[in-house]
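K.L.:
The structure follows.
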Amino acid sequence: MTKIHGQGALVTGASRGLGRAVSEALALLGARVAMVAREVGPLEDAVATLRGRGLDVHAIAADIGDKDAIHRIAGQAHGLVGEIGIVVHNASTLGPTPLRLLLDTECEDLERVLAVNLVGPFRLTKVLAGAMALRGAGMIVHVSSDAAVEAYPRWGAYSISKAAQDHLSRILAAELDGTGVTIVAVDPGEMDTAMHAAAIPEADRATLQRPAEIAAKLVAMIERGDWKTGTRVKVGG
Amino acid sequence: MGALAYAYDAPLRSDEVARHDVRMVVVASGEVVPFRELPAQLRRGDLVVVNDAATLPGSLRAGDVELRLSGPVEGNVLCGVLLGAGDFHTRTEDRPAPRELAIGTTLRFGALAARIVARDGRRVELVVDGDGDALWQALYASGAPVQYAHRRDALPLDAVQTAYATRPWAAEMPSAGRPLTWDVIVGLRRAGIAIATLTHAAGLSSTGDARLDAALPWPERYEIPEATARAIAATRAAGGRVIAIGTTVVRALEASGGAAGAGIARLRLDPAYRTRVVDGVVSGLHAPGESHFELLGAFAPRETLVRAIELAGALGLSSHELGDSCLVVR
């Protein structure tokens, strides 16, 4: 069971798109939210806007793909919002766009995608999940994609990272089974975001879901607390 | 000062030990076992209590002045100790006092600017301009953990955190918990030994000023969750023992009597102290005469502890803060 009110939460990739919408939705239900993003300007704008609405949100400027940033993120977040009961691993990168065939993908670009989309969430969970497990409660959400399951040409680096993150989620769930920590992956479907525009510039935006709608569904699932640990759920269409 | 008064054949080593390779002296039996055998050294129904305070990046530099935070950040107020020229390679005891800095002086510690508002010798209180987000961003951008003089390289922040750290309240690592890997924690649970948490603001081990050091540890904040208070009561009612991971846990539990809530621990442990809540402690190793050794005297007679340290020395165990362990049960 996860009651959001009064909890500390951490959301990565929080300056725009789904991350920002999830931060807002969590804060609207009474969470204190640490919003993590790489770009200081958009992050501070997002935090200022949400604070203007009376929400308890905080900015942490950091790159989740940077090994040295992980303990700083955790320390700042704990200093700002207290114990953290909810983590949403939302930050991710496509790698270079336009998207390339895998055989045209530079090894360094694949490594960078894995650092942000896979190793970053792993490192951050390693630092945050221990306290959750000892307290007997916590919720860790990995934002996935149907690219984790389907083999779309040109989505290689991103797909590989998301498939691995799905399995990271399952193995963590298996190892922490019985501790009270719930670990899930969620596929939000196609949303009207900057990332989607970078990947598929020709898409008809009118057909895409709004991040706020997906965030509302995702946060409602966290609030209900009936998510089975280790599962992968489609939230959007 | 008393350390030299006691001479023994094989002093403790002082090198770092990987957290998976830590060994533990079991003082009651005189055995040395791998730390991962902790579950087998306790009994079903015992309760292990850990300090989940994360270690602050509490060492900040402004030119030739070093600030070491002595406790949690309270709003925009920093409390700590100022040291003069030198770096961590010089023992704190040998560091000079900082140059005269008047109340009202602003020091720039990298990205963090702070104004001195109170001072007692090396001990200072400073106020940071700017809101919480900026303060925490600057603190983590510019601070490093307090270092150990006997190390060649500086320890990064991740090297001084336990596997279950939460709020950054500790001036120095609550290091007794460092060898508690998830393998050990899972093993404790499987053996019917519960684990509970509290948060205790472990302070500085030294200020470099004998007058201030004589009063250490200073009063330290703690918070004990309801669940932990319930677990302690249930354990004691069922005849189990409460085992503290580290002396900071002993201080918090003894100061609170095991009750839930926030408070300030002021008590000082010594051989004359009789614990009310805690039955045993896991601690780092310290030579007879060191203050940390003396406070283990609350749990076992001095001769027993001395024999244990002699054995540890003979078997090559390390007294480094990131070294080996001992288990002392009353």
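K.L.:
Could you run through the range B:279-303 and say how many residues are closer than 19 Å to B:L180 by Cα and of a type in the set (A, V, I, L, M, F, W, C)?
P.N.:
So the answer is 3.
K.L.:
Would you point out which residue out of A:R72, A:R51 is of a type in the set (D, E, K, R) and in contact with a Leu (Cβ under 8 Å, 6 or more places away or on another chain)?
P.N.:
Just one listed residue meets the conditions, A:R72.
K.L.:
Just to be sure I understand, how many residues within the range B:296-320 are on the phi < 0 side of the Ramachandran plot and in contact with a strand residue (DSSP E or B) (Cβ under 9 Å, 6 or more places away or on another chain)? Before the answer, list the steps.
P.N.:
First, pick out the residues of the range B:296-320 that are on the phi < 0 side of the Ramachandran plot: B:296-315, B:317-320.
The next check asks that each one be in contact with a strand residue (DSSP E or B) (Cβ under 9 Å, 6 or more places away or on another chain); those that pass are B:296, B:298-300, B:304-305, B:308-309, B:311-313, B:315, B:317-320.
The qualifying residues number 16.
K.L.:
Look at B:D209 and say whether it is surrounded by fewer than 22 Cβ atoms within 10 Å (Cβ to Cβ), of a type in the set (D, E, K, R) and free of Cβ contacts under 8 Å to residues at least 40 places away in the same chain.
P.N.:
Details: surrounded by fewer than 22 Cβ atoms within 10 Å (Cβ to Cβ): yes; of a type in the set (D, E, K, R): yes; free of Cβ contacts under 8 Å to residues at least 40 places away in the same chain: no.
In short, no.
K.L.:
Step by step: first the residues of the range B:256-306, then only those that are of a type in the set (D, E) and assigned to a helix (DSSP H, G or I), then the one that is surrounded by the most Cβ atoms within 10 Å (Cβ to Cβ). Which residue is that? Write out each step before concluding.
P.N.:
Within the range B:256-306, the subset of a type in the set (D, E) is B:270, B:279, B:290, B:294, B:303.
Now drop any that are not assigned to a helix (DSSP H, G or I), which leaves B:294, B:303.
Values: B:E294: 17, B:E303: 8.
Within the range B:256-306, the match that is surrounded by the most Cβ atoms within 10 Å (Cβ to Cβ) is B:E294.
K.L.:
Mind listing just one residue for me: the one in the range B:124-137 that is away from chain A (no Cβ under 14 Å) and part of a strand (DSSP E or B) and, of those, farthest from A:A59 (Cα to Cα)?
P.N.:
Here is the first cut: in the range B:124-137, the ones away from chain A (no Cβ under 14 Å) are B:124-127, B:129.
With the extra rule that they be part of a strand (DSSP E or B), the set shrinks to B:124-127.
Working: B:V124: 29, B:E125: 26, B:L126: 23, B:V127: 21 Å.
Only one residue fits best here, namely B:V124.
K.L.:
Still on this structure, please answer the following. If you scan the range A:146-176, which residues turn out to be of a type in the set (G, A, S) and either touching a residue at least 60 places away in the same chain (Cβ under 8 Å) or crowded, with 16+ Cβ neighbours inside 10 Å (or both)? Steps first, answer last, please.
P.N.:
Restricting attention to the range A:146-176, the residues satisfying the condition of being of a type in the set (G, A, S) are A:147-148, A:151, A:156-157, A:159, A:161, A:163-164, A:169, A:173-174.
Of everything in the range A:146-176, those that are of a type in the set (G, A, S) and either touching a residue at least 60 places away in the same chain (Cβ under 8 Å) or crowded, with 16+ Cβ neighbours inside 10 Å (or both) turn out to be A:A147, A:A148, A:G156, A:A157, A:S159, A:S161, A:A163, A:A164, A:S169, A:A173.
K.L.:
Go over the candidates B:G110, B:G121 one by one and state the one that is surrounded by fewer than 16 Cβ atoms within 10 Å (Cβ to Cβ) and more than 14 Å from chain A (Cβ to nearest Cβ). Explain how you work it out, then say what you get.
P.N.:
Details: B:G110 fails: more than 14 Å from chain A (Cβ to nearest Cβ).
Checking each option against the conditions leaves just B:G121.
K.L.:
Answer yes if at least one residue in the range A:117-130 is under 30 Å from B:V186 (Cβ atoms), part of a strand (DSSP E or B) and within 11 Å of chain B (Cβ to nearest Cβ), and no otherwise.
P.N.:
First, the residues of the range A:117-130 that are under 30 Å from B:V186 (Cβ atoms): A:117-130.
The next check asks that each one be part of a strand (DSSP E or B); those that pass are none.
No, the range A:117-130 contains no residue that is under 30 Å from B:V186 (Cβ atoms), part of a strand (DSSP E or B) and within 11 Å of chain B (Cβ to nearest Cβ).
K.L.:
Yes or no: B:V282 touching a Ser or Thr at 6+ places or on another chain (Cβ under 7 Å) and at pLDDT 95 or above? I'd like the intermediate steps shown before the answer.
P.N.:
Details: touching a Ser or Thr at 6+ places or on another chain (Cβ under 7 Å): yes; at pLDDT 95 or above: yes.
Answer is yes for this residue.
K.L.:
Pairs, please: C-beta under 7 Å, at least 6 apart or cross-chain, first residue aliphatic (A, V, I, L, M) and in the range B:286-299, second in a helix (DSSP H, G or I)?
P.N.:
B:A287/B:A3; B:A287/B:F293; B:A287/B:I309; B:L295/B:T247; B:L296/B:L305
K.L.:
Still on this structure: For the range B:42-58, how many residues meet the condition of being closer than 16 Å to B:G143 by Cβ and either away from chain A (no Cβ under 14 Å) or aliphatic (A, V, I, L, M) (or both)? If you could, list the steps in order and put the result at the bottom.
P.N.:
From the range B:42-58, those closer than 16 Å to B:G143 by Cβ are B:53-58; that's our starting set.
If we keep only those that are either away from chain A (no Cβ under 14 Å) or aliphatic (A, V, I, L, M) (or both) as well, we get B:53-54, B:56.
Number of matching residues: 3.
K.L.:
Being more than 14 Å from chain A (Cβ to nearest Cβ) and assigned to a helix (DSSP H, G or I), is that true of even one residue in the range B:94-103? Reasoning before the result, please.
P.N.:
Quick first cut of the range B:94-103, residues more than 14 Å from chain A (Cβ to nearest Cβ) only: B:94-103.
With the extra rule that they be assigned to a helix (DSSP H, G or I), the set shrinks to B:94.
Yes, the range B:94-103 contains at least one residue that is more than 14 Å from chain A (Cβ to nearest Cβ) and assigned to a helix (DSSP H, G or I).
K.L.:
Can you find a residue that is within 14 Å of chain B (Cβ to nearest Cβ), under 26 Å from B:A144 (Cα atoms) and either of a type in the set (F, W, Y) or in contact (Cβ under 8 Å) with a residue 60 or more places away in the chain (or both) anywhere in the range A:56-65?
P.N.:
Checked against the condition, which is being within 14 Å of chain B (Cβ to nearest Cβ), under 26 Å from B:A144 (Cα atoms) and either of a type in the set (F, W, Y) or in contact (Cβ under 8 Å) with a residue 60 or more places away in the chain (or both), the range A:56-65 yields no hits at all.
K.L.:
Only residues that are over 22 Å from A:A14 (Cβ atoms) and touching a strand residue (DSSP E or B) at 6+ places or on another chain (Cβ under 6 Å): list them for the range A:139-167, please.
P.N.:
Step one: filter the range A:139-167 for residues over 22 Å from A:A14 (Cβ atoms), giving A:146, A:149-157, A:159-160, A:163-164, A:167.
Passing the criteria: only A:D146.
K.L.:
In this structure, is A:V219 out of contact with any Asp or Glu (no Cβ under 7 Å at 6 or more places or on another chain), assigned to a strand (DSSP E or B) and surrounded by 15 or more Cβ atoms within 10 Å (Cβ to Cβ)? Can you show your working first?
P.N.:
On the way: out of contact with any Asp or Glu (no Cβ under 7 Å at 6 or more places or on another chain): yes; assigned to a strand (DSSP E or B): no; surrounded by 15 or more Cβ atoms within 10 Å (Cβ to Cβ): yes.
In short, no.
K.L.:
Could you please give the count of residues in the range A:4-18 that are touching a Pro at 6+ places or on another chain (Cβ under 9 Å) and not in a loop (DSSP other than H, G, I, E, B)?
P.N.:
Residues meeting the conditions: 3.
K.L.:
Would you confirm, using the coordinates I've provided, whether A:V143 is more than 9 Å from every other protein chain (Cβ to nearest Cβ), in contact (Cβ under 8 Å) with a residue 24 or more places away in the chain and surrounded by fewer than 21 Cβ atoms within 10 Å (Cβ to Cβ)? Working first, answer last.
P.N.:
Values: more than 9 Å from every other protein chain (Cβ to nearest Cβ): yes; in contact (Cβ under 8 Å) with a residue 24 or more places away in the chain: yes; surrounded by fewer than 21 Cβ atoms within 10 Å (Cβ to Cβ): no.
Considered against the rule, which asks whether it is more than 9 Å from every other protein chain (Cβ to nearest Cβ), in contact (Cβ under 8 Å) with a residue 24 or more places away in the chain and surrounded by fewer than 21 Cβ atoms within 10 Å (Cβ to Cβ), A:V143 comes out as no.
The values are calculated or read from the model by the stated rules, or taken from the named source; none is laboratory data. None of these values were measured; they are calculated from a predicted model. Virtual Cβ from ideal backbone geometry, glycine too; neighbours counted across all protein chains shown.
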